[in-house]
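Read through the structure below, which is laid out as structure tokens, and then see the notes.
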Amino acid sequence: MGQRGALRRLLHERSAVIAGAVLAAIVLACLLAPVYAGDIAHTGPDANHITEKITVSGKRLEVVSPTGVPTGPTWTGRFLLGADPNGRDVAVRLLYGGRNSLEIAAIATVLTIVLAVVVALLAGWFGGLLDTLLSRAMDLIWSYPVLLLGVALGVTLAVSGIDLGFATLRGGSLLLPALIIGVVYVPYMARPLRAQTIELRRREFIDAARQQGLSGLRIMLGEILPNLASSILVFTPLLLANAILLESGLSFLGAGVQAPAPSWGTMIAEGTRLMPEAIHLVLAPGLMLLAAVVSANVLAEAARDALDPRSQRLQVRPTAGGLDRGAPEGAQDGAPALIEGQAA
Amino acid sequence: MFGRTQRLAIAALGCAAAIGLAACGGSGGTGKTSSAVGPATVVAASAPDSLDPQVGVTTSSTEATWNVYLGLYTYAHANGTAGTKVIPALAAGLPRITDGGTFYSTTLRKGLVFSDGTPVKASDFTYAIERAIKLNWENKSFLTEHIAGAEAYDQGKASSISGISTDDATGAIQIKLTAPYGPFLNVLAFPAAGLIPSTTPIKALPNDPPPGVGPYVIAHVLPGRSFEEQINPRWAAQAIPGIPTPSVAIQVKVQSNPGSQADEVLSNSADLFDWNTPLPPTSVRQAKQEASDRYSVEPVAQVSFFFLNTSVAPFNSLSARMAVETALNRAAYVRLASGYLRPGCYLVPPQIIGYSHSSCPGGEPTGEGDIAKAKQMVRESGTAGQPVTVWGPSDSPHREFVDNFAQMLDAIGYKANERVISPSTYYPTVAKVATKAQAGFAEYTQDFPNPVDFDQLVDGSSIQPEANHDFSLARDSYIDSEIEALGKVPASQLPSVVARAEALTDHISHNAYVAVIGYQEAPKLTSDRVDFGALVFSPVYGPDWTTLKLK
């Protein structure tokens, strides 16, 4: 199937265009957070104004009341979406929090893809003992609920950090939740890709490549990997959406982004204490999270349809705690039915 | 005791676990009881950890048991500092203290009986102390470390406590201490030292507490849910001065949602709000608007502060510590605590003898801090730009306290980052010297109203590798020697050393070993039925149920 045709089909899908636009707008807004903070809100994400007063429509308002209730949305440049209990600008923190959430999700997604592809190619191509070892390792990770595993790793590493040998990640580093999320999602992608690799290995064009004397590495990279591209493309927004959700869940539980750095999850956690008096503290990050995750999911579905319009619906769906483990129809071991013909 | 909320949470969990073992409410089993009117209903956020006096330690427990299990001494039933005064309860008078403060002798009042009618004997005192030790009362170290022979008894090396001798015929009680210990009278005033019959089994009796001598009798315990305190029918005849005779029985209901708790009291479905929980902001507004004649904010003997580790940079510099003191915006912490914090700079709270009335070294405690001046001080100290890790527990509002403090450190020239961890592991973590926590949040609720109980938070002579209370690792010979000297002054004689205790408090503050943000306050909210003015708020145990009167 031609990539250009797939792109054309994708652009003709109205829901995909809207979802893509929403996601792009969120990403753009978050990237522009320093501009908004500096030129419009005139404050930073950690700067507190707890004992200050602001003027809204000619009225003097306390940023945080003496009983600790922060002001709600002012719909002006300063405190557009209100303040948090420490008198920090919610809109500014929302954008900076989005940067953190999206950065973690993006790094985690890339990490998952890289690890999953390596595992799938090695296990699917070589088979035998290596396949058994890698598959059992994937089973081991799979056997733990994703959120539980993430919390366990997050809480353990939040204080002491982790020494990777070539680098040390400190407790408060954003790379730490990215690493955790990236690792825990590897089986969800590696297993179907491995099944696809096994199926591709039996194809005639692979036999032909072997007979031409190509090495295993060249076949994997030059023949099999391009045939996995469609699946990887479909998985990418799905993984992104799930990584955002998991990051928020971990941060909500104190095992993800560490204070004072904002993330949508930590903002929701901080807001729950003041429900319902300051509902904007939960609504603002909650709606942002919803918009990002829904748009990424819609985009993923549209991408799948565009890449393989004949395929059945993928049985890999995002859930609150991770990806649905159901195997797609017509695929072995959870492999999505997106195998194309020989790579061009 | 650290982290009252932690303790309450633990208590709630403990009681929840106990539900499984609950029968349909073990009654007090303490004979006939009577109720004049009522009962008055108290809604509590969490159930006591135990209603057995020799087991319970949480504020929910002691609030309930201090008027049921009187010991030789108790606290005056009065508001404010007057309520911290130790008065004789079952003892005929204050003890005679001899041998350099190591020998206490007193006599039991005549004609005392337990709520079940059993006559009280002097040896019941020994039995209560032994039972507290055998049941591993959480604060038993106050007994084992100070009463001669108590440690040997605890370790099973002795069959009785050699330092306590009693005479049932005369009611004489003599206690020998290992060394002079001024707060020992406070120790004797713990409900855990409350007398119980010597026939009481040495096993925890949370659901069927033993009889005691006191205005109330505990009955109808539904673990984790409710219990009653009925008026002890034998109390009035005992005529112990200074301890009121209650006019109403108390029904305590556990209602974990503070909003619902407040609603019940504001709508007069319940009579007293649990002081251990702050009112939710909505309820505060409602209470101020609709119930201002039955709502007030009362002081609690607790101090909230940030410790500054004096053994590592940058806070090994006095100038750096003073810069923090200067920059503190205490008004911000009041807001973060939903208004339930009285700003202050001294380690000893206002209602405790030893509280200083001098001006704070960093400026007016209600002020918003002077960041510019503090920044200048940091520059001059040569510590600008240094990294500081601020530790704190992850529960609210402490997490927000840490955010605020870290941001303040950034503003005055440091590079602050945060380590916010689970409240259950927080104190053990920062109490390890090896953690080398540079700065962090701490709150301390009194064990008893005595200045040395607070001063020991900067006692360099008490530093130990684990479970260390001097988080700042302050080593100051003046503080250590003054704590030792004041620690020998009997609690009944504290008024004679006020000036000395205040000088120590000032010294601690002027060296900024800790950056005190203030003292927790608690809500006093009653229904319309209650005589609000008559209800005493004890600085030790909270609302004094013996003074609760229905109109």
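The values are calculated or read from the model by the stated rules, or taken from the named source; none is laboratory data. Everything numeric in this text was worked out from a predicted model, so none of it was measured. Quick reminder, even Gly has a Cβ in these numbers, built from the backbone with ideal geometry, and neighbours come from all protein chains shown.
Conditions (1) out of contact with any His (no Cβ under 7 Å at 6 or more places or on another chain); (2) more than 14 Å from every other protein chain (Cβ to nearest Cβ); (3) in a loop (DSSP other than H, G, I, E, B); (4) surrounded by 16 or more Cβ atoms within 10 Å (Cβ to Cβ), marked per residue:
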site	(1), (2), (3), (4)
A:72	no, no, yes, yes
A:79	yes, yes, yes, yes
A:112	yes, yes, no, yes
A:117	yes, yes, no, yes
A:124	yes, yes, no, yes
A:129	yes, yes, no, no
A:134	yes, yes, no, yes
A:137	yes, yes, no, no
A:148	yes, yes, no, no
Query raised in the report: Has region B:506-528 got any residue that is surrounded by fewer than 17 Cβ atoms within 10 Å (Cβ to Cβ), free of Cβ contacts under 8 Å to residues at least 60 places away in the same chain, part of a loop (DSSP other than H, G, I, E, B) and of a type in the set (D, E, K, R)?
Result: no
Requested in this report: Return only the number of the condition from (1) in a helix (DSSP H, G or I); (2) touching a helix residue (DSSP H, G or I) at 6+ places or on another chain (Cβ under 7 Å); (3) over 28 Å from residue B:279 (Cβ atoms) that residue B:469 does not satisfy.
Outcome: (1)
Query raised in the report: Among (1) touching a helix residue (DSSP H, G or I) at 6+ places or on another chain (Cβ under 6 Å); (2) at pLDDT below 95; (3) hydrophobic (A, V, I, L, M, F, W, C), where does residue A:126 come up short?
Result: (1)
Report summary line: Counting only residues in region B:53-65 that are out of contact with any Asp or Glu (no Cβ under 9 Å at 6 or more places or on another chain) and not in a helix (DSSP H, G or I), the one surrounded by the fewest Cβ atoms within 10 Å (Cβ to Cβ) is identified as B:54
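Which fully enclosed helices (runs of 4 or more DSSP H) of region B:78-191 have 1 or more residues being among the charged types (D, E, K, R) and either without any contact (Cβ under 8 Å) to a residue 40 or more places away in the chain or surrounded by fewer than 20 Cβ atoms within 10 Å (Cβ to Cβ) (or both)? Break it down stepwise before answering.
Working: elements: B:123-134, B:141-144, B:150-154, B:184-188.
Hits in region B:78-191: B:123-134, B:150-154.
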**Report entry** Residue selected from region B:407-449 under the condition within 9 Å of chain A (Cβ to nearest Cβ) and of a type outside the set (S, T, N, Q), by the criterion surrounded by the fewest Cβ atoms within 10 Å (Cβ to Cβ)
**Finding:** B:410
Query raised in the report: Hey, residue A:256 hits all of (1) under 15 Å from the mean Cα position of the chain (by Cα); (2) closer than 17 Å to residue B:399 by Cβ; (3) part of a helix (DSSP H, G or I) but one; which does it fall short on?
Result: (3)
Requested in this report: From the list B:50, B:46, pick out the single residue that is of a type outside the set (Val, Ile, Thr) and touching a Pro at 6+ places or on another chain (Cβ under 7 Å).
Outcome: B:50
Query raised in the report: When the residues of region A:278-326 are filtered to those that are assigned to a loop (DSSP other than H, G, I, E, B) and modelled with pLDDT of 85 or more, which remaining residue is nearest to the other protein chains (Cβ to nearest Cβ)?
Result: A:278
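Residue by residue, here is whether (1) of a type in the set (Gly, Ala, Ser); (2) closer than 30 Å to residue A:88 by Cβ holds:
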{"residue": "A:213", "(1), (2)": "yes, no"}
{"residue": "A:222", "(1), (2)": "yes, no"}
{"residue": "A:225", "(1), (2)": "no, no"}
{"residue": "A:228", "(1), (2)": "no, no"}
{"residue": "A:238", "(1), (2)": "no, no"}
{"residue": "A:243", "(1), (2)": "yes, yes"}
{"residue": "A:254", "(1), (2)": "yes, yes"}
{"residue": "A:257", "(1), (2)": "no, yes"}
{"residue": "A:263", "(1), (2)": "yes, yes"}
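Any chance you could count how many residues in region A:87-101 are under 15 Å from residue A:34 (Cβ atoms) and either under 16 Å from the mean Cα position of the chain (by Cα) or not charged (D, E, K, R) (or both)?
Step one: list which residues in region A:87-101 are under 15 Å from residue A:34 (Cβ atoms), which gives A:89, A:91-100.
Okay, now just the ones that are also either under 16 Å from the mean Cα position of the chain (by Cα) or not charged (D, E, K, R) (or both), so A:91-92, A:94-100.
Going through region A:87-101 one residue at a time, the tally reaches 9.
Consider residue A:34 carefully, then state whether it is of a type outside the set (A, V, I, L, M), out of contact with any Pro (no Cβ under 6 Å at 6 or more places or on another chain) and within 14 Å of chain B (Cβ to nearest Cβ).
On the way: of a type outside the set (A, V, I, L, M): yes; out of contact with any Pro (no Cβ under 6 Å at 6 or more places or on another chain): yes; within 14 Å of chain B (Cβ to nearest Cβ): no.
Considered against the rule, which asks whether it is of a type outside the set (A, V, I, L, M), out of contact with any Pro (no Cβ under 6 Å at 6 or more places or on another chain) and within 14 Å of chain B (Cβ to nearest Cβ), residue A:34 comes out as no.
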Query raised in the report: Quick check, is residue A:24 more than 14 Å from residue A:303 (Cα to Cα) and aliphatic (A, V, I, L, M)?
Result: yes
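Considering only region B:494-502, I want to know if a residue exists there that is over 30 Å from residue B:97 (Cβ atoms), among the charged types (D, E, K, R) and crowded, with 19+ Cβ neighbours inside 10 Å.
Scanning region B:494-502, I find no residue that is over 30 Å from residue B:97 (Cβ atoms), among the charged types (D, E, K, R) and crowded, with 19+ Cβ neighbours inside 10 Å, so the answer is no.
Do you know which residues across region B:263-285 are more than 14 Å from every other protein chain (Cβ to nearest Cβ) and either closer than 17 Å to residue B:550 by Cα or out of contact with any helix residue (DSSP H, G or I) (no Cβ under 6 Å at 6 or more places or on another chain) (or both)?
Just the residues of region B:263-285 that are more than 14 Å from every other protein chain (Cβ to nearest Cβ), to begin with: B:264-276.
Answer for region B:263-285, where residues must be more than 14 Å from every other protein chain (Cβ to nearest Cβ) and either closer than 17 Å to residue B:550 by Cα or out of contact with any helix residue (DSSP H, G or I) (no Cβ under 6 Å at 6 or more places or on another chain) (or both): B:264, B:265, B:266, B:267, B:268, B:269, B:270, B:271, B:272, B:273, B:274, B:275.
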